[in-house]
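Notes follow once the structure below has been shown.
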Amino acid sequence: MTNATNLNIRIDRDLKTKADRLFNDMGMSLTTAVNIFVRQAVLERAIPFKIHRDFEDTGALENIEKRRAAMQEIRELLSGIDGSKIDLAQSRAERRSDKYERTY
């Protein structure tokens, strides 16, 4: 690198120690690893890996999946509509009247 510059970052001491060991085992320095990350991010114009939270202990992942499934059902139902306006109140009233007619 002929046109190099310094980058100062703050990082947890234990994390740095673990990263140093990991990258040394891989035959590179932490500086090289950071350079690889930054180059790939610039190339992809994004963070080059998926970032996610561990939802296992909160149950949030299940809720997200349920919401996605519900949204997919809504999309499928709406895909059959031809774009005309639907009177939801009338639709509900018809369903109620059908329900009551069937119970007698």
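Miscellaneous remarks
- Fully extended contour minus Cα-Cα distance, from residue 3 to residue 20, at 0.36 nm per residue: 3.7 nm
- Within-14-Å neighbourhood charge of residue 31 [Cβ basis; K, R +1; D, E -1]: +1
- Other residues within the sphere of radius under 15 Å centred on the Cβ of residue 18, judged by their own Cβ, net out at -1 (K and R +1, D and E -1).
- Placing dummy labels 7 Å off each Cα toward the beta-carbon, the span from residue 62 to residue 43 is 4.1 nm.
All of the numbers you see were taken from the coordinates with simple rules; none came from a lab. Source: prediction; values computed, not measured. Neighbour counts are summed over all protein chains in view; Cβ atoms, including those assigned to glycine, are modelled from backbone coordinates with ideal geometry.
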